[in-house]
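Working notes for the structure below.
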Amino acid sequence: MYEEVTERVQKVLQRIQEMRPQESVKLMAVTKTRSREEALVAVQAGAHLLGENKVQEARAKWTEKPDVPLHLIGHLQTNKVKYTLDIFSAVDSIDSEKVASALNSRLTSAYPVMLEVNAGHEQNKTGMGLDTVRKFLQEAQQWEHLRFVGIMALFPAIIGATEEEKKNIRDLMKETGELWRISQAERFPWAPLEELSMGMTDDWEWALEAGSTMVRLGTALFGPRVY
Ligand SMILES: *Cc1c(COP(=O)(O)O)cnc(C)c1O
């Protein structure tokens, strides 16, 4: 089992290297439903950081901050901010002003976050539409401790999508990549936006073609999830 994870991580890293040579694209191992041991195997094999989508589950796995960066990639409930700051080195899922304010109010120094974008405007996902990103960033100075280091984008699932829907997803990825570059060029001191976190197990190669600097992989590294 662990050998398989190691092999899969190495294969992904190799493919990233082929697709985007000379660049520092990061591989995030998404460890929801996976053990602490599995997470550490992925890190040992070369994954650059870890992602968890639930504060509660992550707290059961990590009693303190792990040695590698651990990012929150799921919706942050405002009553869990304190626990979040105990173990997560960044929150990539700032999906509303409410969440930004709640997090900021608990901080005393600069903390890295990403703005979460729901590129397909899907009802079952949190995150803002592409059309609200620029306005949100312009106003983000009000949260004096939040440093927006990137954009994390979510897209409709590829599984079960028609060819036309797949093309639409690829177009959305390109659009997101362009929006990220435009937002970066604003050079807001509170929003350096170095990272574009985009791409999961079924679409990460497309995401890399569209400019992603960080892919978030669960199934591709650990196999299918059993809940
Ligand atoms: C679960 C999850 C992933 C990884 O999904 P896979 O399809 O298993 O690679 C990536 N991003 C977010 C926000 C997730 O919740």
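Per-structure values
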quantity	calculated
Residue selected from segment 43-56 under the condition away from the ligand (no atom under 12 Å from the Cβ) and of a type in the set (A, V, I, L, M), by the criterion surrounded by the most Cβ atoms within 10 Å (Cβ to Cβ)	ALA47
Residue in segment 4-19 that is assigned to a loop (DSSP other than H, G, I, E, B), at pLDDT 95 or above and within 19 Å of LEU217 (Cα to Cα) present	no
Listing of strands (runs of 3 or more DSSP E) fully contained in segment 57-160 that carry 2 or more residues being without any contact (Cβ under 8 Å) to a residue 40 or more places away in the chain and surrounded by 13 or more Cβ atoms within 10 Å (Cβ to Cβ)	70-72, 111-118
Test for MET200: is it in contact with an Asp or Glu (Cβ under 9 Å, 6 or more places away or on another chain) and at pLDDT 95 or above	no
Among (1) β-branched (Val, Ile, Thr); (2) within 16 Å of the ligand (Cβ to nearest atom); (3) closer than 30 Å to SER96 by Cα, the one test that VAL12 misses	(3)
Neighbours by Cβ (under 7 Å, 6+ apart or cross-chain): first from segment 197-224, outside any loop (DSSP other than H, G, I, E, B) and β-branched (Val, Ile, Thr); second near the ligand (Cβ under 9 Å from one of its atoms) and open to solvent by 10 Å² or more (accessible area, probe 1.4 Å)	VAL215/TRP204; THR219/THR201; THR219/ARG225
Members of segment 12-35 that are open to solvent by 100 Å² or more (accessible area, probe 1.4 Å) and either touching a strand residue (DSSP E or B) at 6+ places or on another chain (Cβ under 9 Å) or farther than 14 Å from VAL215 by Cα (or both)	GLU18, GLN22
Counted residues, segment 173-192 - those being within 17 Å of the chain's Cα centre (by Cα) and either buried (at least 21 other Cβ atoms within 10 Å of the Cβ) or of a type in the set (Asp, Glu) (or both)	4
Qualifying position, being out of contact with any Pro (no Cβ under 6 Å at 6 or more places or on another chain) and either within 12 Å of the ligand (Cβ to nearest atom) or at pLDDT below 95 (or both), among GLY223, GLY177	GLY223
Residue among ALA161, ALA157, ALA100 that is in contact with a Leu (Cβ under 9 Å, 6 or more places away or on another chain) and not hydroxyl-bearing (Ser, Thr, Tyr)	ALA100
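Listed here are the residues, each with its yes/no results for (1) among the acidic types (Asp, Glu); (2) within 19 Å of the chain's Cα centre (by Cα).
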{"site": "GLN22", "(1), (2)": "no, no"}
{"site": "THR31", "(1), (2)": "no, yes"}
{"site": "ALA42", "(1), (2)": "no, yes"}
{"site": "GLY51", "(1), (2)": "no, yes"}
{"site": "GLU64", "(1), (2)": "yes, no"}
{"site": "GLY120", "(1), (2)": "no, yes"}
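The values are calculated or read from the model by the stated rules, or taken from the named source; none is laboratory data. Because the structure is a prediction, the values reported are computed rather than measured. Positions of Cβ are backbone-derived with ideal geometry, glycine not excepted, and every protein chain shown enters the neighbour counts. The protein model used for the area step is the full one, side chains on, heavy atoms only, and it has no ligands, DNA or RNA in it. Shrake-Rupley method; radii C 1.70, N 1.55, O 1.52, S 1.80 Å.
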